[in-house]
Structure formats: C-alpha cells, structure tokens
1. Of 506, 555, 565, which residue is farther than 26 Å from residue 196 by Cβ and not in a loop (DSSP other than H, G, I, E, B)?
2. Sort through 510, 515, 505 and tell me the only one that's within 23 Å of residue 470 (Cβ to Cβ) and either open to solvent by 10 Å² or more (accessible area, probe 1.4 Å) or touching a helix residue (DSSP H, G or I) at 6+ places or on another chain (Cβ under 7 Å) (or both).
3. Filter segment 364-379 for residues that are modelled with pLDDT under 85 and in a helix (DSSP H, G or I); which is most open to solvent (accessible area, probe 1.4 Å)?
4. What pairs come out if I take residues in segment 420-434 that are free of Cβ contacts under 8 Å to residues at least 60 places away in the same chain and pair them with residues that are surrounded by 24 or more Cβ atoms within 10 Å (Cβ to Cβ) and among the acidic types (Asp, Glu) whose C-beta lies under 9 Å away, six or more apart or interchain?
5. State yes or no: is residue 449 of a type in the set (Val, Ile, Thr) and outside any strand (DSSP E or B)?
6. So which residues in segment 397-436 are in a loop (DSSP other than H, G, I, E, B) and under 18 Å from residue 360 (Cα atoms), if there are any at all?
7. Looking only at segment 518-552, which residues are open to solvent by 10 Å² or more (accessible area, probe 1.4 Å) and not in a loop (DSSP other than H, G, I, E, B)?
8. Counting only residues that are under 26 Å from the mean Cα position of the chain (by Cα) and surrounded by fewer than 17 Cβ atoms within 10 Å (Cβ to Cβ), which one in segment 553-580 is modelled with the lowest pLDDT?
Amino acid sequence: MEVVASPQARNRSICTTSASGRGGRHRWRTSPSPHTVTYAHLRETVEGKGSDGVRAYQQLENGVSLDGLLAVHVRADHEEVPVKPRSHPVLGITLATSALATCVAVVAPPASASAQDRGALVSGVSQAAQKASKRPNILMITADDATQADLAYMPKTRRLIANQGTTLTSGIAPTPICVPARATLMTGQYAASHGALSISGPYGGAASFMDRETLPVWLRRAGYDTVFVGKYLNGYGTHTTQRYVPPGWSNWQGSAAATYNYSTTVINDNGRLERRKRYQTDEFARRTNEKINAKSSNKKPWYMWVNYVAPHHGGPRDPDDPETWKDVLAKDVVKSPSPAKRHRNTFRLVNLPNKPNMMRVHPDKIFPRSATPRSATGRRAMRESYQQRLESLLAVDEAVASHIRALKKTRQLSRTIVMFSSDNGYFNGEHNLSGKLFWYEESLKVPMTLRGPGIPKGKKVSTPVTNADIPVTWAAIAHARPTRTVDGVDFRPYLKRGEVSRTIPLSGWPHHTGPTKPDPLYTGVRVDNQWTYVNFRGHEELFDLVSDPYQLSNLAKNPSYAARLNELRETNERINEAAQ
C-alpha cells in the first residue's frame, strides 16, 4: 500500500485556507515554501474495505499541502480508495523545509474509541484472519538501553538482519527513556499523546498507560495472532498486576517479577506465574523460539514482540561491578548489567569509545554532572560498566541468531519481517553523562535494522525514523486500523527513496511524577539530520549536527545563529501549543 497525491496537490504550495468542524473555524498560515513536509500530527482516516481495514493514518509527503488533503488516495490491494476525513476535526502541523515556518491549526482531537473487552475483541477476528493470511509475520526484537553503536559488537545481528535487509541510520526515540518509549512502540503516539510520561508515579510507569487500544488490539482485529515475551513497562508485575494480561495479546509471556535479575525471572504465562532460574536472556529466547515453532502450522499470520532487558543494569552483583569498589565515590558510581557467565570478560580489553565528547566537561551545560570532572576511579567505573553492557548484549546477539534459525527451520523466514531495535539509547560517558533521557545523539538514536518481504537488501536509509513510526508501519502492513490518533507514519516509502526532510519533536519529563501532571523538563525539535534545538526550562541549546556531530558547541548564544535559533524556537513553541 502507498499514499499518492494528485498532480494538482503536488503542484500546489500550501496556502492560507480554512477548515470548519466541531471546533469551529480555523486558519492555517501561508508557508513561504512550495516544498512542504508534514509530520505526525496531520491525521486523516480512510475507510477500509470490509474487515480488511486500510491503515488509518499517514504522513503527507513532499509538496502535499493541507488543502490538498482530500486529493490524496490510498492504494491497497491495487485499488484506489479516496481519502475521506473524519467527522471530527483534525490537528494539523505542517513544517516548511526552507524557512522552518509552521502552520498550525488547533482543534479538538477525535474522541477515542470505546474500550473493547476481550470477548468483543475476538469477535470478527476469524473473518479478518482469512484475508490477513497472505500478509507477513512480524517479529519485533528490542533491547533495553542499547545504543546505535552497540551493533558493532553484535556480529550475528548484523550478518543475519542488517546485511540481509535495511538499516535505518537515523532511528530516533523522541522521549528517550523506558516507559514513554515502549508505550510509543505500542501506540504510534509520542509521550505527550499517550500520557505515560515517565517511569513511575501517576503519570509514569505501567499504571499510567491506557492499554485498551494498542497495536496488538488492532492486529488481533485484523486477523493476526499476537505474542509478547519479556519485559513490559516499568511497574508491571508489582502487587496485584502480576497475573494481569494486557488486552490484545493472544499469548502473553511477560516478566512479572525480578525483571532486573538476570539469574532468575518470574514469568506471567497467560495468567499463570512461573519462576525460572535460567539466565534471563536465554529464557526469553527459549520461549520466543518455542512460540515460533508452534506457529509453523498456523495459517494465521502473527506478530511477536520479544523485549530483552539487556543491556539495562541489573543483578545479581558481580565481583567486578563498580558498585562494589571500595575506592569509588558516590558521585562516580555507575550501574551495570550482569552478563552471562560464558561471556564475562570477553571485552575486558575494550576501551570506551575514543570520541571528542567522551568525559567532556561542559561548564555551560545545564547539568551539574556535565560540569564536574570524573575522578580516575570514576572513569574506570564507566569503562567497566561499558564492558559489561557489551558482554550482556552477546546473549541477545545469540538469541537473535536462534530466532532466525527457528524461522528458517520452520520455513517461515521468507514470509516474516524481522526487526531489531531498542527503546532508547544510552550515555556511556559522552558529555560526561551516564544514563539516558536527554537530547544528545547518544541517547536519542537507537539501532533500527530489519529484513523480510518487501524490505530492500543491503541498504542504509538516512531519513529520520522514530519509534512512533514502527507500530504505524506494522498496522499498515497488516491492514489493521489504528483506533488512536497516531503521531507516527508508515516508514516504508522512505526505504525506496533518498533522504526525506522531517522534523521530530523532542521531550522529556522527570523520572518520578507526583499527583499533578508535570511540566516537561525540556522540549525541542530535531530537524532533518542537521539541527537539534531544546529548551530545558529556560536554558536553550542549539547544535549543528553536520559541522558539530558530537554536539560540543552550543550555538544558542552565538549571534551568527540568532535567526536559526528564533526559527527553531518558534517551531518548538507552536508544536507545544498544538499538543496541549
């Protein structure tokens, strides 16, 4: 399926127009550029054919203006379906690539679909399954806190996925931290839209996530079997949620307790708790392969998401963990994972990456940690943590290879799309930081590589792709209809063309949330692969990623970049206003 626009729409620059709806009459500003690119918040719904359903949302491509929206058609199964707008108004944001001007219409978002109980979800699925049977299986493999650079130490994943398919070199996690990122992978929405803003409290963690209308629910309605294995959202498995199975999953193998204990794990096997004293990555891999083997005779296509914990820090404590060192200062402590015994000290000779921003002290940065040099012991601790992270990923690399073998053995590989990615990146001393959440490239960028039917082989694509795009793409492939207003887009057109201009909104919230909805710690935009702008509660940073890829020079106070700063600041402000 692809989105095409009429010649009239492609030749028309965006003009001042108006739209009316329940929210009243709204005006869009005139763009100074005929070359416009819209992103996630421009939403339209198309009518499906029968129980098939056609992907409900799509980003308009270069030159398709807002007033040309009704001229867009969707091709599905070689049949053109005219786009028909919702009865509700839409929220539109268009970004012009030249002057970075935005045109914004703030209107009421469409109401969410009513919650579906499990019985209602199953009804009608068998009819959809008949048509879905020709569509590919999808195996989504994610690590936790893996960086884009970590792929260099995962040779099997590179050989079996990257070399056999396409690598997205600008994979972006717009809110680079656990729960918001994984909730995005299930909704196609950025954190400001899905509302799970952080890792704990009323506005963070599993308890804050509205899980009734998510990707597995959409796929089940489209006739897919859905399987989950591994870590879910932070906070899942505590107290009364250990036996809880979220909606949409036909087979649930979620870690319900001891999630960060690599030596033993409690698994919620479809409502029954099982404790397994096996290295956690190996246990997740075993269960995944068991499910792959079970699907070999199944005529229905399936979606399977296995979410490994590595290389996230976790126990049990090993003798060489930095936390155990007697001479390490509290400010220099960094946490580490627990590699499998067979992999320990494999990378004992690997040093931290030799990058200009490694342990770089930034007196002008907002973070006190960035401005305070680390002791020699602190640097050793960072290197040890980095070593253990890489070693923990070796078991994931072996698991990926075992999944490919299982698919090949059961003759499912040729009809299965396999993707490897991560929820967010990680700082291993870059900018003198350890962790994630913030807007520098090491935290924002994630590995994204995939293979399978319809995926070009041996290709690298530089167009920015976000984790919000992934579930929207899976829904499009399955001809499933999202029942949320999604922010992501189907990224498949990007695989067949040169770099496309995109503006990605960035945001982050405090780790722990209180009883009132928190304001963001920062908001910003990443424009194409050149500009990063953020406002951290009044502190601004601006980077030119082309001339300064390691983000060493903050241009926000440089008079030569005042015009660019104002443009990006206004873009960010308009996005924030529209998202409220």
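The values are calculated or read from the model by the stated rules, or taken from the named source; none is laboratory data. Computed from a prediction, not measured in an experiment: that's the story for all the values here. Because the Cβ atoms are built from the backbone with ideal geometry, glycine has one as well, and the counts that use them run over all protein chains shown. The accessibility values were calculated without ligands, DNA or RNA, using every heavy atom of the protein model including side chains. Shrake-Rupley method; radii C 1.70, N 1.55, O 1.52, S 1.80 Å.
1. 565
2. Checking each option against the conditions leaves just 505.
3. Among those residues, the one meeting the criterion is 369.
4. Matching pairs, first to second residue: 427/442.
5. no
6. In the first step, residues of segment 397-436 are kept if they are in a loop (DSSP other than H, G, I, E, B); the result is 410-412, 423-426, 429, 431-433, 436.
Correct list: 426, 429, 431, 432, 433, 436.
7. Within segment 518-552, the subset open to solvent by 10 Å² or more (accessible area, probe 1.4 Å) is 518-521, 523, 528-531, 535-540, 544-550, 552.
The answer is 523, 531, 535, 536, 539, 540, 544.
8. Taking the candidates together, the pick is 580.
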